[in-house]
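Input: a single structure, listed below in structure tokens.
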There are 2 protein chains.
Amino acid sequence: MTINSLFLGRLIAIGGNEDKADELIVLKRVVQEIGKSDYKVGVITTASEDPEKRGEDYNNVFTTLGAAKINIFDIKERFEANDRKTAKSIAEFDLIFFTGGDQLRLTTILGGTRIFDAIQEHLVNGGLIAGTSAGAAVFSDTMIYEGKSEDGLFKGSVLSTSGFGFVDKIIFDTHFMARGRIGRLVQIVTSNPTCIGVGIGEDSGVILKGDGVAEVVGTGQVIIVDGCGIGVSNIMDIKPGEPIAVENVRIHSLVDGYGYNFRKRRFLTPSSLSMKEAL
Amino acid sequence: MTINSLFLGRLIAIGGNEDKADELIVLKRVVQEIGKSDYKVGVITTASEDPEKRGEDYNNVFTTLGAAKINIFDIKERFEANDRKTAKSIAEFDLIFFTGGDQLRLTTILGGTRIFDAIQEHLVNGGLIAGTSAGAAVFSDTMIYEGKSEDGLFKGSVLSTSGFGFVDKIIFDTHFMARGRIGRLVQIVTSNPTCIGVGIGEDSGVILKGDGVAEVVGTGQVIIVDGCGIGVSNIMDIKPGEPIAVENVRIHSLVDGYGYNFRKRRFLTPSSLSMKEAL
């Protein structure tokens, strides 16, 4: 079993660039997951360098999608993230949504604060937490924050640090096919095959429940990188900057309606996803 | 057995951008494969839009590498490629080298000509044929000639046609990590898992013998995409432009000194490559 973190809520990781103007397939599905019409959304713009603009964008889109209340949490400093009253308010939101930007801003500003604790507790107790781009990458325990795509299979080229860790040993990468990032996930999974890499395409997302079963939504792909079958690799023996050899990394491409069981490392078709075998 | 084409010679497919000025790791190895010092090189510049410049570049580098004779075959038209005398001369060259450019120029100008027949016969009889970038992609039987990396996992986004077919059911793609091309090979392999995809990195190459055993040389990676374990895929059921779902594509990353047995679909470490088990 690769997932130790269990939670009653759901986590939705979106690969970035989700449609906000046209069909809104991904964001409509996020709202559908809330399961009620008079819902309240809290948008956390901390990742962004231009939080006012991001807040406005999501205020518009969630207004279009019928939110009863939208609160933009424009948290820029750690002292704000430690505000007791704000932290206490988190539980009243049906959806907490992290915008994109820089995932290191999220961890450095929110990590270890009362707001972070409140969000994690909300997820554990049944809340719905979603994020896009940096706002999804941060959900990982080992969070990738830097690494050129073309260098992904050279040792040490992928910089990672501790993320929010809402899930254990699942590494979310975003803008995946658009930026050719598969090497980054192969490197992480090669260095520790317990981890499962999840490369989320743009305008696509993964809806993950606490039982480890995920469903894909959107117009692109979600690539699963599974290292459980890895045989030989040279990663222990080479120096930083040298190219990585690795035998037998398993890749799945999932699209809308397909799923994955992270505990059983199993690809799920739309029909098996709805059946008992998914569990 | 996935390789029906057997040949006595060797085929060297290079991923493009091989070093021509500094350490020349890949090109030195090409010359080493010739196995003699007073060797003759024929350079075919047909793929290039600027054949004079390409010819000059390779004339310089093979001069540096001690070639006894260098002939630039600046073939621009089919009638030149059908010249009996030129075709007859091919067998005297210890190395035939295809420069980069556009692989469609190679197939449209050389396909079905006397020069092409002479090169193929030379390979069968023991000759050494090398190519870089387009000059390597053309070795495939199903030759990829177009397809944006980011769209690689959308059905119909990868355009391919009949290549030189020096090897059967092996698809060479080049500039692989640099241009994030893995989706292109996953699509081809999903549509026919008999094929094995070979994604060659820049300044890297694959030395393939007629027994189906290949060795990697260079500073980057060669990615093998093997579909023999594919379970479910949606590729039969979706329309062009729709995203591809596929279960269980196997990926290997090979670096300098590692190898692959295409007949047995087996990853080879440097030690197993030199031992009997490689065969």
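Remarks
- Per-residue SASA entry for B:Thr142, accessible area with 1.4 Å probe, Å² rounded to 10: 50 Å²
- Distances between equivalent label points of B:Ala68 across the copies, with each point positioned 7 Å along Cα→Cβ, amount to 8.9 nm, shortest listed first.
- FRET efficiency estimate (nearest 0.05) - Cβ-Cβ, B:Lys209 to B:Glu52, R0 30 angstrom: 0.35
- For A:Asp141, residues with placed amide H under 5 Å, excluding near neighbours: A:Gly165, A:Val167, A:Lys169, A:Ile170
- Other-chain or far-sequence residues with amide H under 5 Å of B:Ser48's (modelled H): B:Asp102
- Label spacing, shortest first and in nm, from B:Cys228 to its equivalents in the remaining copies (7 angstrom along Cα→Cβ): 2.1
- When A:Ser157, A:Ser37 are compared by accessible area of protein heavy atoms, the largest-first order is A:Ser37, A:Ser157, using a 1.4 Å probe.
- For segment A:179-196, 3J(HN,Hα) computed residue by residue from phi via the Karplus equation (6.51, -1.76, 1.60; θ = phi - 60°) reads 10, x, 8, 4, x, 4, 6, 4, 4, 5, 5, 5, 6, 7, x, 5, 5, 10 Hz, glycine and proline entered as x.
- Legend: calculated FRET efficiency, A:Lys264 to B:Ser272, from the Cβ-Cβ distance at R0 = 22 Å, rounded to 0.05, equals 0.10.
- Length-normalised contact order for segment A:88-154 - Cα pairs under 8 Å, 6+ apart - percent: 44 percent
- In degrees, nearest ten, helix B:25-34 long axis to first principal axis of chain B (Cα): 60 degrees
- Structure-based [θ]222 nm, chain A - -39500 (n - 2.57) summed over DSSP H runs of at least 4, per residue, nearest 500: -7000 deg cm²/dmol
- Inter-copy separations for A:Glu52, label at 7 Å along Cα-Cβ, nm, ascending: 5.8
- Close amide H pairs (under 5 Å, H built 1.01 Å from N) link B:Gly147 with B:Leu159, residues at least 5 positions away or on another chain.
- Partner lysines whose Cα lies under 21 Å from the Cα of B:Lys36, excluding those fewer than 8 positions away in the same chain, are identified as B:Lys20, B:Lys28, B:Lys69, B:Lys209.
- In order along segment B:144-155, phi translates into HN-Hα couplings of 6, 10, 6, x, 5, 3, 5, 9, x, 9, 10, 3 Hz, rounded to whole numbers, per the Karplus curve 6.51 cos²θ - 1.76 cosθ + 1.60 with θ = phi - 60° and x for Gly and Pro.
- In this structure B:His252 has an accessible area near 10 Å², from a 1.4 Å probe over the protein heavy atoms.
- Per-residue accessible area (protein heavy atoms, 1.4 Å probe) orders A:Thr219, B:Thr46 as A:Thr219, B:Thr46, starting from the largest.
- Karplus-derived HN-Hα couplings along segment A:40-52 (A = 6.51, B = -1.76, C = 1.60, θ = phi - 60°), whole Hz, x at Gly and Pro: 10, 10, x, 9, 9, 9, 4, 5, 7, 7, 10, x, 4
- Distance in nm between pseudo-label sites at B:Thr63 and A:Arg84 (7 Å out along the Cβ direction from Cα): 8.2 nm
- Length-normalised contact order for chain A - Cα pairs under 8 Å, 6+ apart - percent: 21 percent
- Solvent-accessible surface (1.4 Å probe) assigned to A:Tyr258 amounts to roughly 30 Å².
- Taking Cα atoms only, the orientation of helix A:114-125 departs from the longest principal axis of chain A by about 80 degrees.
- Rg(Cα) / (2.2 N^0.38 Å) computed for segment A:1-135, rounded to two decimals: 0.99
- Here the simple spin-label model places points 7 Å from the Cα toward Cβ, and for B:Leu159 and B:Lys36 these points are separated by 4.3 nm.
The values are calculated or read from the model by the stated rules, or taken from the named source; none is laboratory data. Owing to the predicted nature of the structure, the values given are computational and were not obtained by experimental measurement. No Cβ is skipped: glycine too gets one built from the backbone with ideal geometry, and neighbour counts run over all protein chains shown. Note: accessible area is taken over every heavy atom of the protein model, side chains too, but ligands, DNA and RNA are not part of it. Shrake-Rupley method; radii C 1.70, N 1.55, O 1.52, S 1.80 Å.
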